[in-house]
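The values are calculated or read from the model by the stated rules, or taken from the named source; none is laboratory data. Only a predicted model underlies this, so the values are computations on that prediction, with no experimental measurement involved. Heads up, the Cβs are rebuilt from the backbone with ideal geometry, glycines too, and the neighbour counts pull from every protein chain shown.
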Amino acid sequence: MAAALALAERGRGLTAPNPNVGCVIVSDGRVVGRGWTQAGGRPHAEAMALGEAGEAAREATAYVTLEPCAHEGGRGPACAPALAEAGLARVVIGIGDPDPRTDGEGIAHLERAGVAVTRNVLAAQARRSMAGFLTRRALGRPHVTLKLAASLDGRIALASGESRWITGPEARAHAHLERARHEAILVGRGTLAADSPSLDVRLPGLEARSPRRVVLTSAGAPDGWMAIAAPDDVAALESVDHLLVEGGAKTAAGFLAADLVDRLLLYRAPILIGEGIAALGDIGLASLDAAHGRWRLADARALGSNRLDVYERARAS
Ligand code: AOF
Ligand code: ZN
């Protein structure tokens, strides 16, 4: 399943409105088929893996990050019947598909056909892998990541405005990798005016994955940009399943105040700034009680002399 999740990454940002699914078919301890959802959403991961496996799929085990689809009459053959017809002995699934055309019916179809099904394998990782698709389905908006790059004391600039650079080269390279994982990046109009940021991906081989640029303003977008007037308008960014919010402090605070941030990337450099510009403006917090319990640490790592902590919004589900 870890291999299937790694394959799923190849489709990230390219498959909307479909999820980026990965699939590995194993026969006698050997990988005989590998697939991932193709650009535009079709073929599905299973179809690609079955194509590679051919006859070797008989009696084999398929590992799929999402429940195989059950709906005929879509843009291609349904995967659950295709897996059953190929003679798979067992299908191991990451998470169920919330699409009402499948939602349990993929698993039911496989079991009716005599295929053994194991579910919820690496489910938390699979949910993360398909966060864009799941958020769009559940909340009708893209999955939103907020990036903050700050000093140890939470400053993003000196009082003079000097901010280049707070974080080190490894942290900045990582932030560029994160850009490649999102279909769109948003900044506030202050940041647009002050920095006219290019917001591209400056990593060899990934330049073509540069996201669309979005500015938060009611004044209309410059050439090559999209605009939304308020954080709540993110739902209007159709065909964008992952949005990265990059600042500044007022924009970041606006998204937090509207409870629209699902994931927080906190890059921290080992410097102290003291008086300066705080990473966040007012987020409308009424009490400490309301602050606690909102964020769960999902990952922590060193990036050169800097640290990255990744938090996920803890939501009741
Ligand atoms: C799978 N494997 O690789 C993907 C699936 O528009 P369609 O006909 O392609 O159907 C889209 C739905 O298929 C999508 O909403 C989701 O439920 C499922 N995506 N399913 O078995 C895949 N990408
Ligand atoms: Zn399918």
Open item on the list: Please verify whether E46 is of a type in the set (D, E, K, R) and within 14 Å of ligand 2 (Cβ to nearest atom), treating the condition exactly as stated.
Closed with: yes
Open item on the list: Here's a check for you: in region 7-28, which residue that is assigned to a loop (DSSP other than H, G, I, E, B), at pLDDT below 95 and crowded, with 19+ Cβ neighbours inside 10 Å is nearest to ligand 1 (Cβ to nearest atom)?
Closed with: N18
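Yes/no matrix, rows are residues, columns are (1) over 15 Å from R128 (Cα atoms); (2) buried (at least 16 other Cβ atoms within 10 Å of the Cβ); (3) not assigned by the TED database to the domain that holds S163:
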position: I277; (1), (2), (3): yes, yes, no
position: D282; (1), (2), (3): yes, no, no
position: A286; (1), (2), (3): yes, no, no
position: A290; (1), (2), (3): yes, no, no
position: G293; (1), (2), (3): yes, no, no
position: A298; (1), (2), (3): no, no, no
position: L303; (1), (2), (3): yes, yes, no
position: N306; (1), (2), (3): yes, yes, no
Open item on the list: Looking at V64, V31, can you tell me which residue is touching a residue at least 24 places away in the same chain (Cβ under 8 Å), more than 13 Å from ligand 1 (Cβ to nearest atom) and closer than 25 Å to A123 by Cβ?
Closed with: V31
Task: Filtered residue count, region 72-98, keeping only those that are surrounded by fewer than 19 Cβ atoms within 10 Å (Cβ to Cβ), charged (D, E, K, R) and not in a helix (DSSP H, G or I) - done: 3
Task: Neighbours by Cβ (under 9 Å, 6+ apart or cross-chain): first from region 67-93, within 11 Å of A113 (Cβ to Cβ); second of a type in the set (V, I, T) and within 9 Å of ligand 1 (Cβ to nearest atom) - done: A80/T102; L83/V64; V91/V64
- [ ] Confirm whether G104 is modelled with pLDDT under 95 and within 14 Å of ligand 1 (Cβ to nearest atom).
- [x] no
Task: Matching helices (runs of 4 or more DSSP H) fully within region 161-273 where at least 3 residues are surrounded by fewer than 17 Cβ atoms within 10 Å (Cβ to Cβ) - done: 169-180, 189-195
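Does E52 meet the test of being under 29 Å from R181 (Cβ atoms), in contact (Cβ under 8 Å) with a residue 40 or more places away in the chain and either within 12 Å of ligand 2 (Cβ to nearest atom) or not assigned by the TED database to the domain that holds L206 (or both)? Even if it seems obvious, please write down each step before you answer.
Values: under 29 Å from R181 (Cβ atoms): yes; in contact (Cβ under 8 Å) with a residue 40 or more places away in the chain: no; either within 12 Å of ligand 2 (Cβ to nearest atom) or not assigned by the TED database to the domain that holds L206 (or both): yes.
Against the criterion (under 29 Å from R181 (Cβ atoms), in contact (Cβ under 8 Å) with a residue 40 or more places away in the chain and either within 12 Å of ligand 2 (Cβ to nearest atom) or not assigned by the TED database to the domain that holds L206 (or both)), E52 does not qualify.
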